[in-house]
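For reference, the structure is listed below as structure tokens.
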Amino acid sequence: MQPFIVKLIGLASGKTEFNWQADHEFFGKFENSEILDADLEVNALVTNHGVTIDVECTIDGTVTVPCDRCLDDLQIPVETGFSETYVPEDDELDLSQDVYDFVCISLPMQRVHENEEDCNQETLKYLSK
């Protein structure tokens, strides 16, 4: 089964749980992603109502992005999720774009190491000139 794809043919009525991992490979499929690496657990509770599909999704873990100050890797914790109702037009429901979007909007606007001492000191030398 392809990650983040819910096959609707044969999906039982009621609730079904799906668990996936999102990593570097997942975010690499999206153009212009600032996420260098990830270790995220994605849990989706899918409720099949026949005509509509309800999805309650939680996303927990960490992502690695460049520090805005020194450009070194910076690990940021992620705790987010979403609840959506879908009216599928196909025999499968692809949640990958939603997972990507909700992770991206959960990240802070300014992404810097908490303490300036944790930044790359060589880079900071150039910034202070």
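Where only DSSP H runs of four or more residues are counted, the chain gives -4500 deg cm²/dmol as its mean residue ellipticity at 222 nm, each run worth -39500 (n - 2.57).
Net length available on complete extension from Asp37 to Glu117 is 26.5 nm, with 0.36 nm assigned per residue and the Cα-Cα distance removed. Taking the C-alpha atoms only, the angle from helix 96-106 to the longest principal axis of the chain is near 40 degrees. Based on C-alpha pairs under 8 angstrom that are at least 6 apart in sequence, the chain has a relative contact order of 24 percent.
Of the peptides 42-48, 68-74, the ranking by mean beta-carbon count within 10 Å, highest at the top, reads 42-48, 68-74.
Taking amide H as placed 1.01 Å from N in the peptide plane, Phe4 has no amide H partner under 5 Å among residues 5 or more places away or on another chain. In the full protein context, segment 1-85 carries 58 Å² of accessible surface per residue, based on a 1.4 Å probe and ignoring ligands, DNA and RNA.
Restricting segment 1-74 to GluC sites (Glu not before Pro) that sit in a DSSP loop and have at most 10 other Cβ atoms within 10 Å of their own Cβ leaves Glu31.
Summing +1 for each Lys or Arg and -1 for each Asp or Glu among the other residues whose beta-carbon sits under 12 angstrom from that of Asp54 gives -1.
Segment 20-48 and segment 55-116 have their alpha-carbon centroids 8 Å apart.
With R₀ fixed at 35 Å, the C-beta to C-beta distance from Leu124 to Phe30 puts the FRET efficiency at about 0.70.
Here the accessible area is traced with a 1.4 Å probe on the protein chains. For the chain, carbon and sulfur cover 46 percent of it. Under 17 Å from a label point set 7 Å out along the Cα-to-Cβ vector of Asp72, the amide N atoms of segment 93-129 belong to 111-128.
The values are calculated or read from the model by the stated rules, or taken from the named source; none is laboratory data. Given the structure is predicted, the values throughout are model-derived calculations rather than measurements. Counting neighbours? That spans all protein chains shown, and the Cβs are built from the backbone with ideal geometry, glycine included. Accessible surface areas use protein heavy atoms only, side chains included; no ligands, DNA or RNA. Shrake-Rupley method; radii C 1.70, N 1.55, O 1.52, S 1.80 Å.
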